[in-house]
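K.L.:
Sending over a structure as structure tokens; questions will come in a sec.
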Amino acid sequence: MATDTLPLVRHTLQRSRVGLAGWSAGVVAASLLYLPIYPSMGASGQLESMISSLPPELVSTLGFDLITTGAGYAQATLLGLIGFVLLTIAAVGWGAAAIGGEEESGALELTLAHGVTRAQVALEAALALGLRLAVVCAVLLVAILALDDPAELGIPAGHAVAGTLALYLLTLLSGLAAVTAGALTGSRTASVAAGAAVAVLGYAFNALGNQAEAARWMKNLSPYDWAFSPAPLTNGLGNGAGGGMALLLGLCGVLVLAGVVGLSRRDIGR
């Protein structure tokens, strides 16, 4: 087993192919549900009329600042809302099962008995998570590009890639938090809690930071803000989007390293 190339990654992908197909179908369904109705709302002025009746703080909190544009609508309804929720659930679920779930079921001890190192377990768990998320995000990107013209969104392909990449890194961070928590504790519950905390607190800090000037500092601590405040669907990698993504990528690397070190130093099965 240890002589194969990435045996744990291939085994994980094989086991989760049905789930992967389901999550991919989910993001396609969400795209088909939200994006095609933009012409009847954004172009007709209904959204502009609705947004103008809301308090500016609420509009900012919900991310509706640019919702009257095609890119802003796709960001507010798909990437920043239902897509974020779906991919976060998938990432945290996969991340929690990777090490914490495997240890609780006793499967991790069997894996290590086959000559696989702990560092390899942690690294391949992170890689398998990243690959599965990449597949779902690629499907989402294809759906956005396919619906761009019919839905009159006017999103350049490069901006669609940037927006999807921001969503990928944001949800990867939550998933890796779950993987790392599993490596440090051996608990699936702790893994789910860690991954969910990153996502929920990130969203909450961004929302609270948008509501009051005194709470603006909270946005600096929000991965959600790093990913989406530069509006990558509207601006591509400009307006600070590249810096936010680099920060997310750096934190993902830190979590992977912490997972490797944590799993290497801990007694398995206790």
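K.L.:
Once you keep just the Cα pairs under 8 angstrom separated by 6 or more residues, what percentage relative contact order results for the range 27-99? The partial results should precede the final answer.
P.N.:
On the way: 43 pairs, mean separation 23.5, N = 73.
Dividing the mean separation by the residue count of the range 27-99 yields 32 percent.
K.L.:
Need the full-extension length gain, Val135 to Leu32, defined as separation in residues times 0.36 nm minus the C-alpha distance. One decimal, nm.
P.N.:
35.3 nm
K.L.:
What label, among [x] 63, 42, 28; [y] 74, 68, 35; [z] 70, 52, 31, belongs to Cα extents along the principal axes in Å computed from the structure on display?
P.N.:
Recomputing Cα extents along the principal axes in Å here gives the entry labelled [x].
K.L.:
Okay, moving on. Compute the long axis of helix 118-148 from its Cα atoms, compare it with the longest principal axis of the Cα atoms of the chain, and write down the angle in degrees, 0 to 90, nearest 10.
P.N.:
20 degrees
K.L.:
While we're looking at this one, here's another question. Add +1 for every Lys or Arg and -1 for every Asp or Glu among the other residues with Cβ under 11 Å from the Cβ of Phe205, and state the total.
P.N.:
Net local charge, Phe205 excluded: +1.
K.L.:
Can you give me the distance in nm between label points at Leu127 and Asn220, each placed 7 Å from the Cα along the Cα-to-Cβ direction?
P.N.:
3.8 nm
K.L.:
Let me ask something additional. If I take every Cα pair under 8 Å that is 6 or more residues apart in the chain, average their sequence separation and divide by the length, what percent do I get for the relative contact order?
P.N.:
After rounding, I find 25 percent.
K.L.:
Just the number: Rg to Rh for the range 114-270, Cα atoms, Kirkwood Rh, two decimals.
P.N.:
We get a ratio of 1.04 for the range 114-270.
K.L.:
Once both axes come from the Cα atoms, what is the angle between helix 188-211 and the longest principal axis of the chain, in degrees from 0 to 90, rounded to 10?
P.N.:
Taking Cα atoms only, the helix is inclined about 20 degrees.
K.L.:
Leaving out ligands, DNA and RNA but keeping every protein chain, what accessible area does Ile51 have, in Å² rounded to the nearest 10, with a 1.4 Å probe?
P.N.:
30 Å²
K.L.:
What percent does the relative contact order of the range 23-159 come to when contacts are Cα pairs within less than 8 Å and at least six residues apart?
P.N.:
39 percent
K.L.:
Hey, any idea what % of the chain's accessible area is carbon plus sulfur with a 1.4 Å probe? Walk me through the numbers on the way to the answer.
P.N.:
On the way: 7930 of 11850 Å².
With neighbouring chains kept in place, the figure for the chain is 67 percent.
K.L.:
Return one whole number: the accessible area per residue of the range 189-250 in Å², for a 1.4 Å probe.
P.N.:
Per residue, the range 189-250 has an accessible area of 45 Å².
K.L.:
Oh, and also: Please compute the per residue accessible area over the range 34-169 with all protein chains in place, 1.4 Å probe, rounded to a whole number of Å².
P.N.:
On a per-residue basis, 40 Å².
K.L.:
What is the local net charge at Ser105, summed over the other residues whose Cβ is closer than 14 Å to its Cβ (Lys, Arg +1; Asp, Glu -1)?
P.N.:
Cβ neighbours under 14 Å give a net charge of -2.
K.L.:
Helix 83-96: angle to the longest alpha-carbon principal axis of the chain, degrees 0 to 90, nearest 10?
P.N.:
It works out to around 10 degrees.
K.L.:
Using only the alpha-carbon atoms of the range 48-161 as identical scatterers, what base-10 log of I(q)/I(0) does the Debye formula give at q = 0.11, 0.12, 0.18, 0.22 Å⁻¹?
P.N.:
-0.55, -0.62, -0.93, -1.16
K.L.:
Considering only the other residues whose Cβ falls under 13 Å of the Cβ of Ala157, what net charge follows from Lys and Arg at +1 and Asp and Glu at -1?
P.N.:
That sum, taken over residues with Cβ under 13 Å, equals -2.
K.L.:
If you don't mind, another one. What FRET efficiency do you get for Leu62 and Asn239 if R0 is 25 Å and r is their Cβ-Cβ distance, rounded to the nearest 0.05? Don't skip to the end; give the middle numbers.
P.N.:
Values: r = 20 Å, r/R0 = 0.79.
The pair Leu62/Asn239 has a calculated efficiency of 0.80.
The values are calculated or read from the model by the stated rules, or taken from the named source; none is laboratory data. Keep in mind the model is a prediction, meaning the values are calculated, not measured. All Cβ positions, even for glycine, are placed from backbone atoms using ideal geometry, and neighbour counts span all protein chains on display. Side chains are part of the model used for accessible areas, which takes the heavy atoms of the whole protein and leaves out ligands, DNA and RNA. Shrake-Rupley method; radii C 1.70, N 1.55, O 1.52, S 1.80 Å.
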